[in-house]
Amino acid sequence: EFKRGKSYLRLRPDRVAMQDATAQMAVLQFISSGLPSVLCPTTIHCDHLIEAQTGGEEDLKRAKRLTRLSADTLSKETLFLLSFKFIYE
C-alpha cells in the first residue's frame, strides 16, 4: 500500500523523453550535478521552432534555415549522452 509523502516508488525507466522548457531545466540541473553522463537513453524534442511571420511555407523554410546549424551539430554529436530531435510541424 502506498502512502502519500511516506512511500517510495522504485522506478527504473529504460528511456527518458523531454521537450522544451522542461527539458532545458532538467538539463541545467543535470549539468550542475557533475555526473559524466545520463544512465539511460535520453531525448530532447525541440518542437517550437517556427515563428509566424509571413505564411506557413515561408515560415517553415526560415525556421529550418535558422536552426540548421544547431540541428546539424546537436543531431550528430552528443552532450552527456543526450540526443536532440528537431521537429518542424
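Rounded to the nearest 0.05, what FRET efficiency do GLN19 and ALA52 have when you use their Cβ-Cβ distance and R0 = 22 Å? Numbers along the way, then the final one.
Working: r = 20 Å, r/R0 = 0.89.
Efficiency, rounded to the nearest 0.05: 0.65.
Highest first, please rank the peptides 1-7, 20-26 by the mean number of other Cβ atoms sitting within 10 Å of their residues. Intermediate values should be presented prior to the final figure.
On the way: 1-7: 5.6, 20-26: 12.7.
The peptides rank, most packed first, as 20-26, 1-7.
With r defined as the distance between the Cβ atoms of THR67 and THR43 and R0 fixed at 22 Å, what FRET efficiency is calculated, to the nearest 0.05?
On the way: r = 17 Å, r/R0 = 0.77.
For THR67 and THR43, the calculated efficiency is 0.85.
For the ranges 49-56, 61-68, what's the packing order if you count other beta-carbon atoms within 10 Å of each residue, average per peptide, and put the highest first?
Working: 49-56: 11.1, 61-68: 13.5.
Ranked from most to least packed, the peptides come out as 61-68, 49-56.
Bear in mind these aren't lab numbers, they're just calculated from the coordinates by the rules spelled out. These figures come from a predicted structure and were not determined experimentally. A quick note on method: Cβ atoms are made from the backbone with ideal geometry, for glycine too, and the neighbour counts reach across all protein chains shown.
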